[in-house]
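Working notes, beginning with the structure itself.
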Amino acid sequence: MIPILFFFFAAVAIASGIMMIVHRNPIYCALFLILTLFAVAGLYVLLNAPFIAAVHIIVYAGAIMVLFLFVIMLLDLKSETSRQRPGGLPRILSIIMSGVLLAELVLFLRSGTANLPLVEGDLIIGSTKEIGNLLFTEYLFPFEITSVLLLSSIIGSVILARLKLK
Amino acid sequence: MLFNFATALVFLIFGGLFVLLNLGISRILQARNPHPVKISTYECGELPEGESWIQFNIRFYVVALVFLIFEVEIIFLFPWALVFKDLGLFAFVEMMIFVFILLVGLAYVWAKGDLDWDKPQSVPAPELSQSYEQKEVTETVDS
């Protein structure tokens with residue numbers, strides 16, 4: 001059952017990822033990205049990491065995609081829907097970046113890390129309760145530091161947004 | 001533990017099937033006579049003006065940014081709620097410190113007026129002389 005589900009989620013993730021790239025309407029691209037994120041969250045559940053899966057859906061598919069949609073709606077992208085192929089520097093940069101990603105993927109597959117056996121059975125380590133136990137005892141200090149990080153990000157992002165307003 | 005997610009999976013499958021089935025049935029049964037008025041955006045009986053793709057007020061973006069930060073904070077509350085009974089007062093104090101530090105951020109944003117909503121100037125009501133029928137004719141000709 002689990003291999004079937006894995007291939008189902010993987011197929012959904014890849015198919016919607018491709019749709020995200022080739023679709024002309026930026027809003028639909030964003031919605032396909034949400035579908036990809038949901039499929040990846042399904043893969044996390046299969047890997048016994050339900051907390052990561054929930055975080056993935058709540059933060060990425062929820063909040064960050066809202067920001068993406070806002071940016072799409074803020075920019076006037078109507079001309080983008082009749083898409084011209086980007087030329088010049090953006091094109092060269094995108095070719096280099098995707099080349100680097102492809103090289104990384106090939107190196108990873110050749111290194112043999114992908115062939116390591118999966119750990120079977122119910123792992124306790126990924127459960128939300130176990131994460132809470134570790135987070136609030138052993139990793140207490142990093143957890144409290146996280147709040148300072150979040151504080152700096154809230155102030156920084158709001159200041160940047162305010163600069164753009166004026 | 002994986003078994004608990006079978007419920008979610010079944011829910012997902014039936015939710016998807018429900019939508020597809022209903023859209024499929026309506027696709028089979030519907031009569032298709034497109035008309036410019038029929039395919040225009042539904043605005044609760046009002047005639048739509050302009051397109052649905054408008055530029056949002058950037059104020060929404062600031063609120064969304066603040067929302068994102070506090071959502072990450074909420075994420076940390078889930079494991080906290082699960083271990084709260086075991087750890088007791090200790091966990092409570094920890095989380096209060098965490099929330100307090102983030103509240104400083106909210107206070108900053110609030111005090112600096114980033115959450116203030118600058119209301120758009122009220123636009124004078126359009127002339128009522130332009131009757132519904134006239135408008136409808138022009139809209140139909142435009143599209």
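Determine which member of the set A:L134, A:L163, A:L150 is more than 8 Å from chain B (Cβ to nearest Cβ), surrounded by 10 or more Cβ atoms within 10 Å (Cβ to Cβ) and either modelled with pLDDT of 85 or more or part of a helix (DSSP H, G or I) (or both).
A:L134
Give region B:1-53 a look and list any residue that's within 23 Å of A:I27 (Cα to Cα) and assigned to a loop (DSSP other than H, G, I, E, B), or say none.
Correct list: B:I39, B:S40, B:T41, B:Y42, B:P48, B:E49, B:G50, B:E51, B:S52, B:W53.
Of the residues that sit in region B:77-91 and are aromatic (F, W, Y) and facing another protein chain (nearest Cβ under 7 Å), which one is surrounded by the fewest Cβ atoms within 10 Å (Cβ to Cβ)?
B:F78
Given the structure, is A:I34 assigned to a helix (DSSP H, G or I), of a type in the set (V, I, T), outside the structural domain of A:V158 (by TED's automatic domain parsing) and surrounded by 17 or more Cβ atoms within 10 Å (Cβ to Cβ)?
On the way: assigned to a helix (DSSP H, G or I): yes; of a type in the set (V, I, T): yes; outside the structural domain of A:V158 (by TED's automatic domain parsing): yes; surrounded by 17 or more Cβ atoms within 10 Å (Cβ to Cβ): yes.
When the stated conditions are applied, A:I34 passes them.
I need the full set of residues from region B:18-56 which are polar (S, T, N, Q) and exposed (fewer than 13 other Cβ atoms within 10 Å of the Cβ), in order please.
Here is the first cut: in region B:18-56, the residues polar (S, T, N, Q) are B:22, B:26, B:30, B:33, B:40-41, B:52, B:55.
Scanning region B:18-56 gives B:N22, B:S26, B:Q30, B:N33, B:T41, B:S52, B:Q55.
Among residues belonging to region A:137-147 that are polar (S, T, N, Q) and in a helix (DSSP H, G or I), point out the one that is nearest to the other protein chains (Cβ to nearest Cβ). Talk me through it step by step, then tell me what you get.
Taking region A:137-147 as the starting set, the residues that turn out to be polar (S, T, N, Q) are A:137, A:146-147.
Going one step further and asking which of them are in a helix (DSSP H, G or I), we end up with A:146-147.
Numbers: A:T146: 7, A:S147: 4 Å.
Step by step, filter region A:137-147, then rank; the result is A:S147.
Evaluate region B:42-50: report whether one residue or more is out of contact with any helix residue (DSSP H, G or I) (no Cβ under 6 Å at 6 or more places or on another chain) and either closer than 30 Å to A:V148 by Cα or modelled with pLDDT of 85 or more (or both).
Checked region B:42-50: no residue is out of contact with any helix residue (DSSP H, G or I) (no Cβ under 6 Å at 6 or more places or on another chain) and either closer than 30 Å to A:V148 by Cα or modelled with pLDDT of 85 or more (or both).
Assess whether B:V63 counts as being touching a helix residue (DSSP H, G or I) at 6+ places or on another chain (Cβ under 7 Å), within 14 Å of chain A (Cβ to nearest Cβ) and within 30 Å of A:Y60 (Cα to Cα).
No; evaluated as a whole, the condition is false for this residue.
Check off (1) free of Cβ contacts under 8 Å to residues at least 24 places away in the same chain; (2) surrounded by fewer than 16 Cβ atoms within 10 Å (Cβ to Cβ); (3) more than 7 Å from every other protein chain (Cβ to nearest Cβ) for B:M95 and give me the number that stays unchecked.
It fails just one condition, (2).
Considering region A:45-59 alone, what residues qualify as being of a type outside the set (A, V, I, L, M) and modelled with pLDDT of 90 or more?
Across region A:45-59, the qualifying residue is only A:H56.
Of everything in region B:40-60, what is facing another protein chain (nearest Cβ under 8 Å) and among the β-branched types (V, I, T)? Give them in sequence order.
B:I54, B:I58, listed by residue number.
The values are calculated or read from the model by the stated rules, or taken from the named source; none is laboratory data. This structure is a prediction, so every number in the text was calculated from the model and none was measured. As a convention, Cβ positions derive from the backbone with ideal geometry for all residues, glycine included, and neighbour counts pool all protein chains shown.
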